[in-house]
Amino acid sequence: MNLKIGLFCLAALGISVVFSQTDPGQYFKANCKVCHTIGGGRLVGPDLKGVEERKDRPWLVQWIMDPAGVLASGDAYAAKLLREANGAAMTPAPGINETLAGQLLDYIKTQSVSGAAVADSYVPPTFTTDDIIAGKNLFLGKKKLANGAAPCVSCHNINSMFGLGGGKLGHNLTGAYKKLGEVRGLTNWLKLPPVPTMNPIFSKRPLTETEIISLTAFLKNEAETASAPTLASIANFILYGALATLLLFVLIGGIWNRRFMAVRKPMVSAGKYFIKSTK
Amino acid sequence: MTYFSMILYGILPYVAVFTFIFFSIYRYISHGFSYSSLSSQFLENRVHFWGLVPFHFGIIFVLLGHLAAFLLPGQILAWNSELTRLYILEISAFMGGLFALAGILAIFLRRWTNPKAKIVTSRMDWIVLSLLFLQILSGLGTAAFNSWGSSWFTAIANPYLVSLLQLNPQINYITPLPWIVQLHIVCAWTLVLLFPFSRLVHVLVVPNPYLWRKPQMVRWNWNRNQRFI
């Protein structure tokens with residue numbers, strides 16, 4: 001019964017995902033806009049205005065559907081794109097298929113005609129020391145994120161952290177500022193990180209504009225000031241854990257060190273003493 | 001997101017929980033006296049002590065930690081908002097895992113090398129022991145190489161588990177995770193699945209009523225003021 005309900009829910013989920021993402025305009029806004037503009041200049045990824053003038057459609061469809069596969073095949077143009085994006089690889093598009101990829105390219109083509117060149121008019125915000133401090137507090141979790149997401153340190157490390165450092169589930173963010181397109185790219189990227197691990201979290205608990213500014217200020221400062229990591233934190237973590245375990249073993253050995261003492265012998269002695277004392 | 005992932009994270013949990021509930025009840029009704037850990041303590045106790053005690057203390061401590069992260073995510077994040085506290089929690093949990101690992105290795109060793117213990121070890125015992133070993137090892141690997149689990153559990157595992165409870169499994173929280181974390185999750189569901197068919201059922205009949213039963217009066221038939229030893 002539960003299995004049937006589970007299967008039904010899975011099917012319903014799959015159908016809802018497909019239906020909710022078939023409008024290419026909506027899909028572009030939800031999945032592509034954090035890294036790309038159409039005529040607005042470069043963010044993390046290239047400006048897509050007139051993309052079909054730079055590369056043919058079959059290649060682009062293949063690239064949208066399986067960027068990792070195209071990169072792995074040793075494609076020279078894909079490698080060039082990766083270099084230009086400072087090593088930030090194109091992320092797989094969720095729920096993509098060949099039809100939708102084609103529709104996306106049609107949408108980009110239409111928008112390329114009307115896309116205004118806003119890149120030159122972009123004025124990056126100026127950061128204060130307070131922004132950097134606020135960003136650090138948000139990163140470390142000293143200040144809660146307004147919409148309840150877990151702080152960056154849960155999964156990410158930065159070189160300036162002492163002790164055991166930050167999390168290792170995600171990338172070290174020391175170089176994220178430059179890799180993700182500096183102020184403009186990073187502020188846009190943080191609106192909805194397209195990384196598969198982060199996307200489901202931040203689509204429901206997005207960062208606020210103020211938080212994005214503070215975190216960008218902090219990561220900019222980090223990129224400009226941080227040095228190499230000071231401690232081999234994973235090795236230290238394992239070492240501390242092993243030492244604590246050893247101590248615990250000594251402790252239980254001490255607590256139960258009389259566990260093999262015979263039961264019968266002390267009872268017989270006690271009985272003999274009892275009989276003698278009552279005579 | 002492949003069909004294989006859907007089976008592992010979207011279907012297996014329901015199959016495992018359904019099997020756990022149905023067959024645990026069925027076994028209790030039809031073979032009530034088989035609800036036991038089938039103690040082998042009388043056969044050998046020296047190695048047994050170093051397996052039994054660390055394994056149970058370690059695994060219970062770590063399981064309670066997982067439960068706390070699921071039930072009290074806000075409180076866990078609040079605790080972890082100070083790095084020193086985060087490190088204490090993570091090292092403690094890692095220590096619990098290492099304790100359980102040492103225990104399960106001793107249990108393996110004893111059951112393999114002691115002929116008396118080996119003869120009473122069933123195929124299901126070996127399967128469960130192997131799964132527990134993998135579960136603990138993958139948990140330790142996750143803790144060490146994909147830290148800090150106590151924090152990201154609240155952001156990734158919590159919504160996944162809640163989505164399962166809501167019968168709307170959102171496996172996209174799990175599929176991008178590193179393989180070692182996914183192995184940890186799959187082993188956990190498999191253990192839930194095998195639970196009613198193994199000696200793990202003893203977990204359901206630990207003497208919990210000791211905690212709330214009425215106090216017992218003990219009468220002594222000698223003068224307790226006299227010292228024996």
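The values are calculated or read from the model by the stated rules, or taken from the named source; none is laboratory data. Remember, predicted model here, so these are calculated numbers, not experimental data. Counting neighbours? That spans all protein chains shown, and the Cβs are built from the backbone with ideal geometry, glycine included. For accessibility, only protein heavy atoms count, side chains too; no ligands or nucleic acids. Shrake-Rupley method; radii C 1.70, N 1.55, O 1.52, S 1.80 Å.
Of these, A:Ala217, A:Ala223, A:Ala244, which one is surrounded by 15 or more Cβ atoms within 10 Å (Cβ to Cβ), at the interface with chain B (Cβ under 10 Å from one of its Cβ atoms), at pLDDT 90 or above and part of a helix (DSSP H, G or I)? Don't jump to the end; show me each part of the working.
Working: A:Ala217 fails: at the interface with chain B (Cβ under 10 Å from one of its Cβ atoms); A:Ala223 fails: at the interface with chain B (Cβ under 10 Å from one of its Cβ atoms).
None of the other options fit; the residue is A:Ala244.
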Item to check | Enumeration of residues in region A:25-38 that are assigned to a loop (DSSP other than H, G, I, E, B) and either hydrophobic (A, V, I, L, M, F, W, C) or under 12 Å from A:Lys109 (Cβ atoms) (or both) | outcome: A:Val34, A:Cys35, A:Ile38
Checklist entry - A:Lys191 is checked against (1) free of Cβ contacts under 8 Å to residues at least 60 places away in the same chain; (2) open to solvent by 30 Å² or more (accessible area, probe 1.4 Å); (3) not aliphatic (A, V, I, L, M) and fails just one. What number does that condition carry? => result (1)
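Take the residues in region A:199-214 that are surrounded by 19 or more Cβ atoms within 10 Å (Cβ to Cβ) and modelled with pLDDT of 90 or more; name whichever of them is nearest to B:Thr154 (Cα to Cα).
Of the residues in region A:199-214, the ones surrounded by 19 or more Cβ atoms within 10 Å (Cβ to Cβ) are A:199-202, A:207, A:211-214.
Those left that are additionally modelled with pLDDT of 90 or more: A:201-202, A:207, A:211-214.
Values: A:Ile201: 10, A:Phe202: 13, A:Leu207: 17, A:Glu211: 20, A:Ile212: 21, A:Ile213: 25, A:Ser214: 23 Å.
Applying the filter and picking the extreme gives A:Ile201.
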Checklist entry - Does B:Ala78 count as assigned to a helix (DSSP H, G or I), without any contact (Cβ under 8 Å) to a residue 12 or more places away in the chain and either within 24 Å of B:Ile156 (Cβ to Cβ) or open to solvent by 40 Å² or more (accessible area, probe 1.4 Å) (or both)? => result yes
Checklist entry - Do you know which residues across region B:36-52 are surrounded by 12 or more Cβ atoms within 10 Å (Cβ to Cβ) and either aliphatic (A, V, I, L, M) or in contact with a His (Cβ under 6 Å, 6 or more places away or on another chain) (or both)? => result B:Ser37, B:Leu43, B:Val47, B:Leu52
Item to check | Any hit, region A:119-130, residues being surrounded by 20 or more Cβ atoms within 10 Å (Cβ to Cβ), more than 22 Å from B:Ile174 (Cβ to Cβ) and either among the hydrophobic types (A, V, I, L, M, F, W, C) or in contact with a His (Cβ under 6 Å, 6 or more places away or on another chain) (or both) | outcome: no
Checklist outcome for this item: Scanning region B:17-31 residue by residue, the ones that are surrounded by 14 or more Cβ atoms within 10 Å (Cβ to Cβ) and away from every other protein chain (no Cβ under 14 Å) total 3
Item to check | Members of region A:47-65 that are buried (at least 16 other Cβ atoms within 10 Å of the Cβ) and either within 18 Å of A:Gly25 (Cα to Cα) or out of contact with any helix residue (DSSP H, G or I) (no Cβ under 9 Å at 6 or more places or on another chain) (or both) | outcome: A:Asp47, A:Leu48, A:Lys49, A:Val51, A:Leu60, A:Val61, A:Ile64, A:Met65
Item to check | Checklist (1) at pLDDT below 85; (2) farther than 24 Å from A:Leu207 by Cβ applied to A:Val70, failing item | outcome: (1)
